[in-house]
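Contents: one structure, followed by commentary.
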Amino acid sequence: QVHLVESGGGLVQAGGSLRLSCAASGRTFSSYVMGWFRQAPGKDREFVSAISWTGGTTRYADSVKGRFTISRDNDKNTVYLQMNSLKPEDTAVYYCAVGPVGILTTTAQSYGGWGQGTQVTVSS
């Protein structure tokens, strides 16, 4: 069992930054890939980024590459998403999720343990 709680969302202007946190509880946290997804109004849930349990491997959607950085601190059972140079199209509810062991999949269906989400709104 893994429980996730996202935080750090808010309202920012284009070009601004936010740092999302995903606090996890569960003994198997460090064994799993962790991912960030987002869902904008009227759209499907979209892959944003994923990170291996060691933090040595990361993956990003093309839309956020170079602007977002995923990281994790297994000692704190926390995954982060540093979002810089935010754009209005980044506006969405951002979710943290637990992925399969050792597989950096972009498929939402492969993830579970979804958090409640945190709203990110970027104004132009």
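The values are calculated or read from the model by the stated rules, or taken from the named source; none is laboratory data. Everything numeric here is computed off the predicted structure, so don't read it as measured data. Cβ coordinates were reconstructed from backbone atoms using ideal geometry, including for glycine residues, and neighbour counts include every protein chain displayed. These area figures cover heavy atoms from the full protein model, side chains too; ligands, DNA and RNA do not enter into them. Shrake-Rupley method; radii C 1.70, N 1.55, O 1.52, S 1.80 Å.
Structure summary
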| read-out | value |
| --- | --- |
| Cβ-based net charge around THR78, under 13 Å, with every Lys or Arg adding one and every Asp or Glu removing one | 0 |
| Around CYS22: net Lys/Arg minus Asp/Glu count, Cβ-Cβ under 14 Å | +2 |
| Radius 9 Å from Cβ of VAL120, net charge of other residues (Lys, Arg +1; Asp, Glu -1) | 0 |
| Surface per residue (accessible, 1.4 Å probe) for segment 28-123, Å² | 46 |
| Over segment 62-124, relative contact order from alpha-carbon pairs under 8 Å, at least 6 apart, % | 31 |
| Solvent-accessible area, 1.4 Å probe, carbon plus sulfur percent, for the chain | 46 |
| Cβ charges +1 (Lys, Arg) and -1 (Asp, Glu), total dipole of segment 1-87, debye | 120 |
